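Report on the following structure.
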Amino acid sequence: MKQVIVILIFLNGFSVQTKAQVAVDAKMKVFIDALMKKMTVDEKIGQLNLPGSGDIVTGQAANSDIGKKIKEGKVGGLFNIKSVEKIKAVQKVAVEESRLKIPLIFGMDVIHGYQTVFPIPLGLSCSWDMQLIERSARIAAVEASADGINWTFSPMVDIARDPRWGRIAEGSGEDAYLGSQIARAMVKGYQGNNLSLNNTIMSCVKHYALYGAAEAGRDYNTTDMSRYRMYNEYFPPYQAAVDAGAGSVMASFNDVDGIPATANKWLMTTVLRNQWGFNGFVVTDYTGINEMIDHGIGDLKTVSAKALQAGINMDMVGEGFLLTLKQSLKEGKITMQMIDAACRRILEAKYKLGLFDDPYRYCDEQRSKTEVFTAAHRKIARETAAQSFVLLKNSPMRTGNGAPVLPLKRSGTIALIGPMADNKENMPGTWSVAAEFDKAISVLTGLKEVAGNNVNILHARGSNLDADSLFEERAGMFGKSLRRDSRPADVILKEALAIANQSDVIVAVLGESAEMTGESSSRSSIEIPQVQKELLQALLNTGKPVILVLFTGRPLALKWENEQVPAILNVWFGGSEAGYAIADVLFGDVNPSGKLSTSFPQNIGQVPLFYNHKNTGRPLADGQWFQKFRSNYLDVSNEPVYPFGFGLSYTSFSYSNIKLSNTALKGNQTLTTSVTVTNTGNVTGKEVVQLYIRDVVGSVTRPVKELKGFQKIELKPGESKTVSFRITVNDLKFYNYDLKYDWEPGEFQIMIGTNSRDVKMEKVNWQK
Ligand code: BGC
């Protein structure tokens, strides 16, 4: 007998459901229909409530009486509670003491690992390694779910081109293509193929939308941009996460087109549900509804109603829904259907997680003892951290034999100097809610353990993080203190210079503290704090070779450092094993291969600076940095210090010219393009081969280049590999002025190279 497979294609989206899925959904519908029939209006509204709780508090609202509310059916879930015991106890109240025994969903900001902490997302993105990224999310899910969590507020996929914005640390940088790949990998890692397994958790893609485009890089600030830009440059990673099956979406704080995202029906319903076919639930950000009072669009009752009407399903912390929706219903401002629709989404999420079958599914004390912060996970975190580091510079020692400064030899005396050198708390970086700071590995510990017995390591602080103690306090919140040294600055410096002078090489561990990026950590200067720069200058003055190990959660302006310091290794915030990973790379046990996912500008005045900009009508001529009446600055060239895609290795690679299968194509043909990459150095290394395309003439102006593919390969010394990319018209598509997604015939430049600046180029003509 012939088997018939039923495939439903939703007209407004891309969701394709198999017969098995249809059956599961039908079962879920029957279950939820029956449950909702029993629910009162209050209980339905209760499901939409996500009050604040737990060990970390952000935002404005405070809460109490949680237990009482749970019993009354006024709570849908809780978040940022750490430990299986606590979660089990709260779940017990819900399923034993509330009338309908509906289990709670438990969320957490599991952003880059749980207790085993991986590099901050901006760092992780520099690995350009999707398997590695997916695996980090997988491990985070295993650990979080072993500790009671079944929902994570990740991935954060906001495209960010402004390094002043502290939350640039939480995302994957400036590029929509790379960002989309990472969004998919993260969702897959968290959710796996079956959300109801006890070691997968539901992801929540955030912050929808455009949060990364906050004006002036000031957190929570307004965004305003053309729809053309939204669809082409900012939306793709959110959509990619939705396509990958993300179970939930978080609304952003900012307004979009004059309407806060939380009340923006066009965003929440037209785009998200109707155009992208999203069928999960939407939660606000922390007090996102209440903040619309300050945005100036109404009182609590009005803004709560607006949020529900727009398509918000769950209210994080502010309790606007809980306090006002019933009244709005009575007044006819909202409908019962709207409440029902939101409630259904929440219940569906709980159903998909398997919580109705077993509310304690994620509360296995045994697992919490054996699957969290394991040696195996930590080993992977160490390897992952090393893959996120970006070698920005490695030139020969000034007084040496012509060999580059790195890797370090395992002999002689190393002076390890800097405010970040002997600190554990800052290693995990921002948003490491579940981290146990005292278990993190400092650079000093890592270096000592990895160096072996022939290396003498001396250590001194050299300076505080910043001359201003109040600034340092603000940059050390959430327990990530640098324990400021109260001695006078010259005394601290003198001590460091004394050990520097006794050493063969100086490793300066400088930059930002963990909380100098992340939420509410915008900066108007993107330089290394002045007191640390002075320390660096003093270390350079000793004449010894200096290696800058740079901690940062954002692109910094490193023009001076790039000119003066022989070697710079950007280590971001590498997670709980950072110290080991840094030592692995410094000693050459691991060859660095990270590539930047954001451009590093020369100074703050160039911001926003990104590789996929438009050409303008007055571009500079090739090789020029200033021409009168062209698009440029009087005082600085248009170039970044380090371009998008940039990163060095302890070996070197050469690229052949590009080969094309065809230079005149038609319609649905495939273009195969390839280069041969050779390792021309002395050690094995990894290289990210990057493909960029420029659509030379369009109905709208097009970027000078756009990333369209990449492959990470490993080559032994002398080894060559041919890397091919298959390009179809799908790779040429973009949203035109009418927001129609299509490609336009004409000339295309095909570029392949080691970063976005250093590429080889060929041209093709592609007709319809
Ligand atoms: C942040 C979110 C986070 C939430 C819950 C907010 O302040 O913007 O990214 O998920 O808090 O902790």
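The values are calculated or read from the model by the stated rules, or taken from the named source; none is laboratory data. Quantities reported herein were computed from a predicted structural model and do not represent experimental measurements. In this analysis, Cβ positions are derived from the backbone assuming ideal geometry, glycine residues included, and neighbour counts consider all displayed protein chains. In case anyone asks, the SASA skips ligands and DNA or RNA and just uses the protein heavy atoms, side chains included. Shrake-Rupley method; radii C 1.70, N 1.55, O 1.52, S 1.80 Å.
Of all the listed residues (Ala240, Ala246, Ala261), the sole one being in contact with a His (Cβ under 8 Å, 6 or more places away or on another chain) and open to solvent by less than 10 Å² (accessible area, probe 1.4 Å) is Ala261.
Here Asp695 fits the description: surrounded by 19 or more Cβ atoms within 10 Å (Cβ to Cβ), of a type in the set (Asp, Glu) and more than 30 Å from Pro404 (Cβ to Cβ). Can you work out which of the residues in the range 264-278 that are outside any helix (DSSP H, G or I) and touching a Gly at 6+ places or on another chain (Cβ under 8 Å) is surrounded by the most Cβ atoms within 10 Å (Cβ to Cβ)? Residue satisfying both the conditions and the ranking: Phe278. Scanning the range 398-439 for residues that are aromatic (Phe, Trp, Tyr) and part of a loop (DSSP other than H, G, I, E, B) yields a count of 1.
Determine whether the range 104-121 contains at least one residue that is farther than 21 Å from Tyr580 by Cβ and part of a helix (DSSP H, G or I). Within the range 104-121, none of the residues are farther than 21 Å from Tyr580 by Cβ and part of a helix (DSSP H, G or I).
When Ser463, Ser522, Ser486, Ser481 are checked against the criterion of being modelled with pLDDT of 95 or more, polar (S, T, N, Q) and either within 28 Å of the chain's Cα centre (by Cα) or under 24 Å from Ile168 (Cα atoms) (or both), Ser522 stands alone in meeting it.
Criterion applied to Ser154, Ser98 was being of a type in the set (Gly, Ala, Ser) and more than 16 Å from the ligand (Cβ to nearest atom), and the one residue passing it is Ser98. State whether one or more residues within the range 498-511 are in contact with a helix residue (DSSP H, G or I) (Cβ under 9 Å, 6 or more places away or on another chain), outside the structural domain of Pro163 (by TED's automatic domain parsing), assigned to a helix (DSSP H, G or I) and farther than 28 Å from Phe118 by Cβ. Yes; the residues of the range 498-511 include at least one that is in contact with a helix residue (DSSP H, G or I) (Cβ under 9 Å, 6 or more places away or on another chain), outside the structural domain of Pro163 (by TED's automatic domain parsing), assigned to a helix (DSSP H, G or I) and farther than 28 Å from Phe118 by Cβ. The sole residue among Glu687, Glu639 that is within 22 Å of Ser395 (Cβ to Cβ), outside the structural domain of Lys740 (by TED's automatic domain parsing) and in contact (Cβ under 8 Å) with a residue 12 or more places away in the chain is Glu639. Applying the set (1) surrounded by 24 or more Cβ atoms within 10 Å (Cβ to Cβ); (2) within 17 Å of Gly46 (Cα to Cα); (3) touching a strand residue (DSSP E or B) at 6+ places or on another chain (Cβ under 8 Å) to Leu322 leaves exactly one unmet item: (1).
Looking only at residues in the range 42-68 that are away from the ligand (no atom under 13 Å from the Cβ) and modelled with pLDDT of 95 or more, the one that is surrounded by the fewest Cβ atoms within 10 Å (Cβ to Cβ) is Asp42. Does the range 413-434 contain any residue that is modelled with pLDDT of 95 or more, among the acidic types (Asp, Glu) and within 18 Å of Leu548 (Cα to Cα)? Scanning the range 413-434, I find at least one residue that is modelled with pLDDT of 95 or more, among the acidic types (Asp, Glu) and within 18 Å of Leu548 (Cα to Cα), so the answer is yes.
Taking the conditions (1) in a helix (DSSP H, G or I); (2) surrounded by fewer than 22 Cβ atoms within 10 Å (Cβ to Cβ) in turn, Ala583 satisfies each one other than (2).
With respect to (1) touching a residue at least 60 places away in the same chain (Cβ under 8 Å); (2) more than 30 Å from Val95 (Cβ to Cβ); (3) open to solvent by 40 Å² or more (accessible area, probe 1.4 Å), the lone exception for Asp422 is condition (1).
Quick one: would you say Ile149 is under 16 Å from Gly429 (Cα atoms), β-branched (Val, Ile, Thr), outside any helix (DSSP H, G or I) and open to solvent by less than 10 Å² (accessible area, probe 1.4 Å)? Considered against the rule, which asks whether it is under 16 Å from Gly429 (Cα atoms), β-branched (Val, Ile, Thr), outside any helix (DSSP H, G or I) and open to solvent by less than 10 Å² (accessible area, probe 1.4 Å), Ile149 comes out as no. Taken over the range 105-129, the criterion of being more than 16 Å from the ligand (Cβ to nearest atom) and over 13 Å from the mean Cα position of the chain (by Cα) is satisfied by Gln115, Thr116, Val117, Asp129. Residues in the range 109-143 that are touching a strand residue (DSSP E or B) at 6+ places or on another chain (Cβ under 6 Å) and closer than 22 Å to Phe79 by Cβ: Val110, Ala140.
At least 3 residues being closer than 22 Å to Thr663 by Cβ and among the charged types (D, E, K, R) is the threshold, and among the strands (runs of 3 or more DSSP E) wholly inside the range 682-768 those reaching it are 759-767. Of the residues that make up the range 195-213, is at least one over 12 Å from the mean Cα position of the chain (by Cα), crowded, with 22+ Cβ neighbours inside 10 Å, in a helix (DSSP H, G or I) and not acidic (Asp, Glu)? Checking the range 195-213: at least one residue is over 12 Å from the mean Cα position of the chain (by Cα), crowded, with 22+ Cβ neighbours inside 10 Å, in a helix (DSSP H, G or I) and not acidic (Asp, Glu).
Of all the criteria given as (1) surrounded by 14 or more Cβ atoms within 10 Å (Cβ to Cβ); (2) under 23 Å from Glu233 (Cβ atoms); (3) hydroxyl-bearing (Ser, Thr, Tyr), the one not satisfied by Thr651 is (2). Is the range 170-181 home to any residue that is within 16 Å of the ligand (Cβ to nearest atom) and not in a helix (DSSP H, G or I)? Yes, there is a match, as at least one residue in the range 170-181 is within 16 Å of the ligand (Cβ to nearest atom) and not in a helix (DSSP H, G or I).
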